[in-house]
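S.K.: Mind looking over this structure? Questions follow.
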Amino acid sequence: MTSTLLIASACTVLLALLVGAYCVAAIDGAITARVTGQTPGNPLLIPLQNAARLWHAPHNETETPDRPALRLAPVLYLVLAAMGLALVPWSRDFVPVDLTTGIVFWGAIEPLATVLVFLKGWAPNAHFPLLGAYRYVSLGLSYILVSMFVLIGVALPAESLQISAVVDTQAELWNVVRQPLGLPLFLVVGLGVSFWGPLNFIDADDLHGGAASEEAGRVQLLWSTGRAAMLLAFSAIAASAFLGGWHGPWLPGPVWLILKTLAVVVLLVILGHTLPRVSPERFLTIAWVILLPLSFLSLAGAGVEALL
Amino acid sequence: MAVTWLRRLANQAPVPVFPVVGIAGEAALEALYLSPAVTVVQSPKRARALAVMGSIDYRDQQALRRVHGQVPAPRVTAWCSAMAVPQELSGSAIVVDATDQLGQQIQQAVHSLDAGQQSSDPNLCPDQPPAPWKGVGDGHGGEGMMGGKPYGRPMAMPEDDLRDGLQLDPLVFSIGPFSPLLPPGMAAKVTLHGDVIAGWEVLSRPYELTLPAVFYQALEQPVAVADLELARAAFHIRRLAAALQLNGLGAHARRLRHHAVELKPGQSIDDLVNARVLQSLRWVAGAGKGIVHDENWIRLRGPAARAGGDARDARLNDPAYVALGFEPVVQKQGSCAARWKQWRDEAGQALTLAAAAAKARAMSSPSGAVESPVGELTKSTPPVDISDLMPSLLVGLEWSEAMSVLASFDMAAVRYTDVIQLQGGGE
């Protein structure tokens, strides 16, 4: 990779991360305004206003926190989102990081995110963040397994673990049609990884805000940005794995990717505002008894199709 | 220049406020929720301002000071209470009389604070741990202070787990009296095994609840049935909003709170909030829990009793309601989800009754008992506190289930004597 391409790739990922996190916040604000029926101001400015407020807000300090963990957790979570986003092909010729094991790499990001979320809950030395973190970790495995089977399913037609190859196989037929169970199952994973809506077990109101209950100011801003960035990175991976990525008529490839990614973001945000947080116990049952067998079924279907 | 621009941008965002609700502070809290100038937050650590609303009991003054200390400085305290402002805050706290101005005045005060035109509140508590750490290390992963409460600091000690007999470190802490998860004034000592509640001891009962004035007036004189029913519908809708917020549907909760102040007779509950959203509460944690059994059943009143199939309702004895064809709605299960559905159904019924009553110009008949939104209100026996039922209901539940169960009860006793005196009524 030439240095120019390296710089272009890094700039693209960083720009996409920042603009994407802003878009997630703006979409969330717009959907919130639609649900509440109240328009508190210009929806395009609200994310910037909130970010500026947090930037200026005073910092909160708990008693004897684990300071390295407190600082590292939100930063690394944001870095994980950036790493995920770097795997996404923007066009046939431009993939910031085109790993031959891209699918496996994304599969590694999900459990690493769980570790960081636990670190986030552990760091402040307070009980509600710790409870949120425990609750999150106890449910993590149940959807990460689903993610693995679903992603192996999209790798089978491509006969490759490279995300660009997965996108290439969808030139004629998107995986969402080829493997109809895949995308709905993967969306559940997205809600879990970015702890959004019904699967927000960590920052929940029933724990006074959980892992985020002890933070204020710039740490809170960084954590919120990380969450939005992870939702974006997940949506971009979902768009590449199931919706044909950059493929599409008339418009340039990157535009198609952006549109498809934002469509997944909108869908996830709407789900977050429509579904209440499910009971952790019930979700565990649903994940092991329904979602996991369905992901097996989806994988088996993909395997049969690959053999034929 | 850039800093000024960023500050201006920040000033356009709502200010996060943590509410401390005292006796008769409910109306101010609702006004705060509706204000576009502020956002009500669940944790004082995330707030820029503290809003004290209503009267704080003497026993909770120290707790108020602790909550004040948890709002990161520089901070603002807004005082919307008949109580005197603590001496330490007299120079910095803003005193607000009109509840509808509360949000806006807090926002202005925070802007003044940020601009350096106003000083921050002083700390009311010393900035040091209430109990010293005398172990090895810094207390986070440190050792040397295990078990019990060495030097006043509660520490973990392995005990048998409730579910599988394994040994777990129980986590003991107290919550309240100003936690948004509990009714105002209620405090509890909680013992957790993992996220399962192993112990729930009520340390202090909730403050007495102040009902909308129309229910007190109905005890003394005829009032328009339409007004009674609209107030009932608004009360239930606000409680449903709290349940939605607890379960992650904050935007729908805000929608309901805004609708609750502008209810019209004959409105359908489905116009206020998506029916499927309310129905989805059947799937949240604890929806099937919180069933009161045996001898305690008789202590439930109002919607909580009707949610378990008990059709007692003082409106059945009022000729005005009989003429309107009133029949109480009831559920069967008596669970958390049944109580939420009962609030929803009673709110819908109240809006329908209000329309019929407005058409017939129906007036209530004072007969010594009024069916309030939390049960039968009489001059001699207003609804009493039932928070002592909670330990038996909550022990063994997961934390999220327990919070749902708590959010499905009206536990507090109802204020009566002093409200009637204030209104100039009574015998």
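The values are calculated or read from the model by the stated rules, or taken from the named source; none is laboratory data. In this text, all values refer to a predicted model and were calculated from it rather than measured experimentally. Cβ sites come from the backbone with ideal geometry, for glycine too, and all protein chains shown count toward neighbours. The protein model used for the area step is the full one, side chains on, heavy atoms only, and it has no ligands, DNA or RNA in it. Shrake-Rupley method; radii C 1.70, N 1.55, O 1.52, S 1.80 Å.
S.K.: Which condition number does residue B:218 fail, the rest of (1) more than 28 Å from residue B:357 (Cβ to Cβ); (2) in contact (Cβ under 8 Å) with a residue 12 or more places away in the chain being met?
M.R.: The failed condition is (1).
S.K.: Just name the residue that is most open to solvent (accessible area, probe 1.4 Å) out of those in the range A:31-53 that are within 7 Å of another protein chain (Cβ to nearest Cβ) and touching a His at 6+ places or on another chain (Cβ under 8 Å).
M.R.: My answer is A:38.
S.K.: Could you list, in sequence order, the residues of the range B:16-48 that are assigned to a helix (DSSP H, G or I), open to solvent by 10 Å² or more (accessible area, probe 1.4 Å) and away from chain A (no Cβ under 13 Å)?
M.R.: Passing the criteria: B:26, B:27, B:29, B:30, B:31.
S.K.: How about the range A:195-243: which of its residues are more than 14 Å from chain B (Cβ to nearest Cβ) and among the small types (Gly, Ala, Ser)?
M.R.: Residues satisfying the conditions are A:226, A:228, A:229, A:233, A:235, A:236, A:238, A:239, A:240, A:241.
S.K.: Does residue B:71 qualify as being open to solvent by 10 Å² or more (accessible area, probe 1.4 Å), among the hydrophobic types (A, V, I, L, M, F, W, C) and either farther than 25 Å from residue A:29 by Cα or modelled with pLDDT of 95 or more (or both)?
M.R.: no
S.K.: Hey, could you check the range B:55-81 for residues that are free of Cβ contacts under 8 Å to residues at least 40 places away in the same chain and of a type in the set (A, V, I, L, M, F, W, C) and say which is farthest from residue B:180 (Cα to Cα)?
M.R.: B:79
S.K.: Which residues, counting only those in the range B:112-125, are part of a loop (DSSP other than H, G, I, E, B) and either out of contact with any helix residue (DSSP H, G or I) (no Cβ under 9 Å at 6 or more places or on another chain) or open to solvent by less than 70 Å² (accessible area, probe 1.4 Å) (or both)?
M.R.: Selection gives B:115, B:116, B:118, B:120, B:121, B:122, B:124, B:125.
S.K.: Is the range B:274-292 home to any residue that is more than 14 Å from chain A (Cβ to nearest Cβ) and either touching a Ser or Thr at 6+ places or on another chain (Cβ under 7 Å) or closer than 26 Å to residue B:386 by Cβ (or both)? Working first, answer last.
M.R.: In the first step, residues of the range B:274-292 are kept if they are more than 14 Å from chain A (Cβ to nearest Cβ); the result is B:291-292.
Adding the requirement that they be either touching a Ser or Thr at 6+ places or on another chain (Cβ under 7 Å) or closer than 26 Å to residue B:386 by Cβ (or both) leaves B:291-292.
The answer is yes, given that some residue of the range B:274-292 is more than 14 Å from chain A (Cβ to nearest Cβ) and either touching a Ser or Thr at 6+ places or on another chain (Cβ under 7 Å) or closer than 26 Å to residue B:386 by Cβ (or both).
S.K.: Tally the residues that are under 21 Å from the mean Cα position of the chain (by Cα) and either surrounded by fewer than 18 Cβ atoms within 10 Å (Cβ to Cβ) or of a type in the set (A, V, I, L, M, F, W, C) (or both), restricting the search to the range B:338-379.
M.R.: 6
S.K.: I'd like to check something: does the range A:280-301 contain any residue that is under 26 Å from residue B:245 (Cβ atoms), open to solvent by less than 40 Å² (accessible area, probe 1.4 Å) and among the basic types (Lys, Arg)?
M.R.: Residues of the range A:280-301 under 26 Å from residue B:245 (Cβ atoms): A:280-287.
Checking the rest, the ones that are also open to solvent by less than 40 Å² (accessible area, probe 1.4 Å) come to A:280, A:283, A:287.
Pick out the ones that are also among the basic types (Lys, Arg) and you get none.
Checked against the condition, which is being under 26 Å from residue B:245 (Cβ atoms), open to solvent by less than 40 Å² (accessible area, probe 1.4 Å) and among the basic types (Lys, Arg), the range A:280-301 yields no hits at all.
S.K.: Residue A:273 fails exactly one of the following numbered conditions: (1) away from every other protein chain (no Cβ under 14 Å); (2) farther than 18 Å from residue A:146 by Cβ. What is the number of that condition?
M.R.: Failed condition: (1).
S.K.: Here's another thing I want to ask about it. Only one residue in B:51, B:13 is facing chain A (nearest Cβ under 9 Å) and open to solvent by less than 10 Å² (accessible area, probe 1.4 Å). Which one?
M.R.: From the options B:51, B:13, the qualifying one is B:13.
S.K.: What tally of residues in the range A:263-308 results from selecting those that are closer than 16 Å to residue A:138 by Cα, outside any helix (DSSP H, G or I) and without any contact (Cβ under 8 Å) to a residue 60 or more places away in the chain?
M.R.: Residues that pass the stated criteria total 1.
S.K.: Can I ask one more? Among the residues of the range B:206-261, write down those that are open to solvent by 20 Å² or more (accessible area, probe 1.4 Å), of a type in the set (D, E, K, R) and over 15 Å from residue B:374 (Cα atoms).
M.R.: B:220, B:227, B:254, B:255
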